[in-house]
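**Student:** I have a structure here, written as structure tokens, and I will follow up with some questions on it.
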Amino acid sequence: MANINEKSLFGLRIKNYRLSNGYTQDEFCSKIGIDVTTLSKIETGKNFPSFETLSSLIRILKVEPNEFLDFVRHENTEEELLNLMILEQIRLLPKETKQKFYEFIKILT
């Protein structure tokens, strides 16, 4: 299982915002002034962006700072973080796949 923590959830959220804005990693990196390796490490939760990079992310993606971190709580359990990771992954799916996924989940529950 992937490492479930706030840093990996933050990275996944950055990736979702990037993709929903239609940016490839290369395009996005040129806009925010970092290399693809750095972005990849941020999106996979291996690194956290510098303050300057975070500021660029907020500006380029046109999001409020709290939108990146609204999942951070005083005592997030591993299960709560897993639930949030699942929801972030679902955001990436096309509408038709989401519908199929929903039907599958209904069968399981």
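The values are calculated or read from the model by the stated rules, or taken from the named source; none is laboratory data. Quantities reported herein were computed from a predicted structural model and do not represent experimental measurements. Counting neighbours? That spans all protein chains shown, and the Cβs are built from the backbone with ideal geometry, glycine included.
**Student:** So, in the stretch 3-55, how many residues would count as being touching a helix residue (DSSP H, G or I) at 6+ places or on another chain (Cβ under 7 Å) and in a loop (DSSP other than H, G, I, E, B)?
**Tutor:** Residues in the stretch 3-55 being touching a helix residue (DSSP H, G or I) at 6+ places or on another chain (Cβ under 7 Å) and in a loop (DSSP other than H, G, I, E, B): 11 in total.
**Student:** Can you tell me which residue in the stretch 32-59 is modelled with the lowest pLDDT, limited to those that are of a type in the set (Ser, Thr, Tyr) and within 14 Å of the chain's Cα centre (by Cα)? Can you show your working first?
**Tutor:** Within the stretch 32-59, the subset of a type in the set (Ser, Thr, Tyr) is 37-38, 40, 44, 50, 53, 55-56.
When the remaining residues are screened for being within 14 Å of the chain's Cα centre (by Cα), the result is 40, 44.
Working: SER40: 96, THR44: 92.
Restricting to residues being of a type in the set (Ser, Thr, Tyr) and within 14 Å of the chain's Cα centre (by Cα), the top hit is THR44.
**Student:** Output the residues belonging to the stretch 60-100 that are more than 23 Å from ASN21 (Cβ to Cβ) and either in a helix (DSSP H, G or I) or at pLDDT 85 or above (or both).
**Tutor:** Of everything in the stretch 60-100, those that are more than 23 Å from ASN21 (Cβ to Cβ) and either in a helix (DSSP H, G or I) or at pLDDT 85 or above (or both) turn out to be GLU78, GLU79, GLU80, LEU81, LEU82, ASN83, GLN99, LYS100.
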